[in-house]
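Let me begin by presenting the structure, written as C-alpha cells, before commenting on it.
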Amino acid sequence: MSELRLSPSRINDFNNCPQLYKYRAIDKLPEPPSIDAERGKLVHKILEDLFELPAVERTLENAADLLPSRWLAQLEATPELAALVLNEKEWIDRAAALLSNYFQLEKPETFEATHREMHLEMDLSETLYLHGYVDRLDIAPTGEVRIVDYKTGKSPKSGWEEKALFQLRVYALLYWRNHGVLPRLLQLVYLGDTRVVRSNPTEDQLIKTERILLDIADEILYAISKDEFRTKPSRLCDWCFFKAICPAHQS
C-alpha cells in the first residue's frame, strides 16, 4: 500500500507552503468554507448538470434556471454559507454572470461531454498514490481526448500559464498511464475574464511531470520523517486561514 496520497490540490499546497500542507493533509485542521471556492462549486455543479440535458437544451437560459435549486441544495449541504452570503441576489447574479461567460467560450450544444467529474487514480510508485477529479473529459468520435478544467477566477498573467497547466498535466499523465492514450488537448476555461488557456501535451512533458511528482513525494516523505515543514511566507499568507497559528507570523 502506498504511504502517500497526493492530489493536484495537495501538491499545490506543498509547493506554496509545506506548513500549509501539514495543516491540511496531516493535521487535518478544519477550515471555514471559502466564499470564492463555494461559488466555484456552484458554477461547476451547474455546468456538470448542463450536459445531462439534450444538446438542444444546453442554453444559457436553462443553465440560469438551474441556479436556484442548485444553490438551495448547496446551502442545505453547507449551512455555514448563510452567514457568508450577505446579499443573496448579488451572489446569484455573480454566478449567473460566470455562466454567461462560459457560453461565450464554448457551445455546449455542439458536442458531448463524455465524462464529468471523472476520478483518475493510480499508484505512481510503491510510496505514492496519485489521484484527482477532472471537471470534464471529452472523447471525440475519432478517439482524440480533451481534458477540460473550469476556473471561476481570472486567467494567469503572461508567463504563469505553465504553472496553471501543471494540474491538467497530472490528469493527462494519469489518463495516459491508465488508458494508454495520450490526451490531445488540455484546456483551462477561465470564466472570470473569458479566456481559454490551451496546451497540446507531449509524452516528454508527461514523463517530466511524472519525475516532478516523484521528487515532490520524496520531499514530503522526508518532511514527514523529520516532522519538519518549513514555512514559505508570501502574499498568499493574507488569504490563509492558518496565518494566526503559523510560526512565520508569530511575534
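The values are calculated or read from the model by the stated rules, or taken from the named source; none is laboratory data. Keep in mind the model is a prediction, meaning the values are calculated, not measured. Reconstructed Cβ throughout: ideal geometry from the backbone, glycine too, with neighbour counts over all protein chains shown. When the accessible area is computed, the model is the full protein with side chains, heavy atoms only, and any ligands, DNA or RNA have been set aside. Shrake-Rupley method; radii C 1.70, N 1.55, O 1.52, S 1.80 Å.
Looking at LYS208, LYS232, just one residue is of a type in the set (Lys, Arg) and over 24 Å from ALA37 (Cα atoms), and that residue is LYS208.
Residues that are open to solvent by 50 Å² or more (accessible area, probe 1.4 Å), part of a helix (DSSP H, G or I) and farther than 16 Å from ASN16 by Cβ within region 220-246 comprise TYR222, ILE224, SER225, LYS226, ALA244, ILE245, listed in sequence order. Keeping to region 104-128, report how many residues are within 22 Å of the chain's Cα centre (by Cα), surrounded by fewer than 18 Cβ atoms within 10 Å (Cβ to Cβ) and part of a helix (DSSP H, G or I). Here the count works out to 2.
The single condition from (1) open to solvent by 40 Å² or more (accessible area, probe 1.4 Å); (2) modelled with pLDDT under 95; (3) not aromatic (Phe, Trp, Tyr) that VAL85 fails is (1). Among the residues of region 197-219, the one identified as among the hydrophobic types (A, V, I, L, M, F, W, C), touching a Phe, Trp or Tyr at 6+ places or on another chain (Cβ under 9 Å) and open to solvent by 30 Å² or more (accessible area, probe 1.4 Å) is ILE212. Restricted to region 138-162, and to residues there that are out of contact with any Ser or Thr (no Cβ under 6 Å at 6 or more places or on another chain) and hydrophobic (A, V, I, L, M, F, W, C), the residue that is nearest to ILE220 (Cα to Cα) is TRP160.
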